[in-house]
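Report on the structure given below.
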Amino acid sequence: MKDIVIVLLVAVLIFFIGSEARYTKSEPIIVSDTVYQEKTFTKFIKGNSIPFVVLDTIYIIDRVTDTITIVKDYNQVKVYFDTMRIDSIGYAYIQDTISQNKIQGRGFSANFNLPTITITKLIEQKSKNQLYLGFIGDLKHSNGQIGIGGSIALKTAKNTLYTATATMNGYSFGYYKKF
């Protein structure tokens, strides 16, 4: 009978040593992603609402230029375009319409690629209570008696471990705290 118990104990021991441990706890995953959002702004202002200041007046007297050319140039409607690059986010476009030495209108348009940073944090679930069952073998030093038995362990969500073991040689209880 003693040989059968020893063979069973060795078989259970080989089973536990040969089985593959499974660890299912996963670390939280943090993913950050930058998404570019395209924004376009357009605004137009009438010329009479744009303030101005006269800085200097220059009179050029040229006998070759005739009055018709001066009046024609004065009454022409001219459009001026300007483009400005603003850092790395995009461009701004300005359009001025000028006639009779006055700004008739001003247009502003911008095309920006603004970054939007999205951070996604996946939080792992808190661990739950876990129950473990197992087999145990022991050898008493005092009389050389071999004993086998069962063991139960409870791991709580707060990383505390309680064990209870019963063998043919006696009983034992344990308390473990992670630090």
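Just so it is clear, none of the values below were taken in a lab; they were calculated from the coordinates. Treat the numbers as computed from the prediction; the structure is a model and nothing was measured. Neighbour counts are summed over all protein chains in view; Cβ atoms, including those assigned to glycine, are modelled from backbone coordinates with ideal geometry.
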In nm, what is the difference between 0.36 nm times the number of residues separating residue 127 and residue 95 and their Cα-Cα distance?
5.2 nm
So what J values fall out for region 130-136 if you push phi through Karplus, 6.51 cos²θ - 1.76 cosθ + 1.60 with θ = phi - 60°, rounded to Hz, Gly and Pro as x?
10, 10, 10, 10, x, 10, 9
Between residue 38 and residue 79, how high is the FRET efficiency from 1/(1 + (r/R0)^6) when r is the Cβ-Cβ distance and R₀ = 30 Å? Nearest 0.05.
0.70
For the pair residue 139 and residue 71, the simple spin-label estimate (label points 7 Å beyond Cα toward Cβ) gives in nm 12.6 nm
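Do the alpha carbons of any pairs in 46/72; 43/72; 121/158; 39/102; 43/78 sit beyond 26 Å of each other, and which pairs? Intermediate values should be presented prior to the final figure.
Values: 46/72 23 Å; 43/72 30 Å; 121/158 23 Å; 39/102 31 Å; 43/78 19 Å.
Distance filter (> 26 Å) returns 43/72; 39/102.
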Hey, how much of the P(r) for region 126-179 falls beyond 12 Å, as a percent of Cα pairs?
65 percent
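Going by C-beta contacts inside 10 Å, put 81, 135, 108 in order with the fewest on the left.
On the way: 81 9, 135 17, 108 13.
Ascending Cβ contact count within 10 Å gives the list 81, 108, 135.
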